[in-house]
1. Anything in segment 1-39 that is of a type in the set (A, V, I, L, M, F, W, C) and within 22 Å of Y68 (Cα to Cα)? List them, or say none.
2. For F194, state whether it is in contact with a Lys or Arg (Cβ under 8 Å, 6 or more places away or on another chain) and aromatic (F, W, Y).
3. Please list, ordered by residue number, the helices (runs of 4 or more DSSP H) wholly in segment 21-136 having 2 or more residues that are of a type in the set (G, A, S).
4. List the helices (runs of 4 or more DSSP H) that sit entirely inside segment 145-242 and contain at least 1 residues that are in contact (Cβ under 8 Å) with a residue 60 or more places away in the chain and closer than 19 Å to T115 by Cα.
5. Looking at I71, I127, I140 in this structure, which one is among the β-branched types (V, I, T) and touching a Cys at 6+ places or on another chain (Cβ under 6 Å)?
6. Considering only segment 126-137, how many residues are of a type outside the set (V, I, T), in contact (Cβ under 8 Å) with a residue 12 or more places away in the chain and surrounded by fewer than 23 Cβ atoms within 10 Å (Cβ to Cβ)?
Amino acid sequence: MSLLKNKIVFISGASSGIGMACALAFAREGAKVILAARRRERIEKLALELKEAFTTESKILSFDIQNYQEIKESFASLPEEWKNVDILINSAGLAQGMHKLQEGNPDDWDVMINTNIKGLLYLTREILPNMVKRESGHIINLGSTAGHDVYPSGNVYCATKFAVNAISQSLRIDVLDKSIKVSSVDPGMVETEFSVVRFSGDVERAKKVYAGVEPLTPQDVADAILYCATRPKHVNINEIILTPIAQAQSNFVVRKTT
């Protein structure tokens, strides 16, 4: 029997990309999933697909992860038995704009900081106390190679992912005596809606990010997250860094030319 059978898995950013891929991967293993995202119609559709494909039980929570009050109210609306989350996957995150600091838009900075750092903190703060009480649970944060090395015009986004790296390490210490696992999965280039969002819907510019490279897929990253979640009880995967074979780190990518 799967180690994840009937485990309750909370996935933020479940409406697309890596979050959606995680929902499919964990549902396939028999987990119950809580799908959280702003775009309610997308997660409603996903919940139906999971039910049809895997007979998966799921709950839907639609909120703005930048708003702590919305998170608290949404989590409080869950049935009591669903509040004992076994695995929290902090997948929600984004980049907005790509400018030198002196040319950057402070509104973009606020969105990245409020989503990538504060949103992760808010959601973890709401779910973690029940894990501490039970002395059981696993928090998996989606980081980035941008949390290990910076790249030109990535200043604030990189800063948010360095913060995720630091939070993951600090949290692991905070819960060390509570038998709670903390992992960080840090991918390089993954082809999702990420670059489209970063460039305000400019699809052509987004395509250039992956030109000449076979990037990671959301499923590749979900596989790494699933690996973290299925280790024996005494094993914690602290960190996984994964990149396409053509990428060494944020600043070193080999592109094939046609």
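Computed from the coordinates by the stated procedures, all read-outs in this text should not be read as laboratory data. Because the structure is predicted, anything quoted here is derived from the model rather than measured. As a convention, Cβ positions derive from the backbone with ideal geometry for all residues, glycine included, and neighbour counts pool all protein chains shown.
1. Once the filter is applied, which keeps residues that are of a type in the set (A, V, I, L, M, F, W, C) and within 22 Å of Y68 (Cα to Cα), segment 1-39 yields I8, V9, F10, I11, A14, V33, I34, L35, A36, A37.
2. Against the criterion (in contact with a Lys or Arg (Cβ under 8 Å, 6 or more places away or on another chain) and aromatic (F, W, Y)), F194 does not qualify.
3. 40-54, 68-76
4. Those helices (runs of 4 or more DSSP H) span 155-174, 194-198.
5. Checking each option against the conditions leaves just I140.
6. Within segment 126-137, residues that are of a type outside the set (V, I, T), in contact (Cβ under 8 Å) with a residue 12 or more places away in the chain and surrounded by fewer than 23 Cβ atoms within 10 Å (Cβ to Cβ) number 6.
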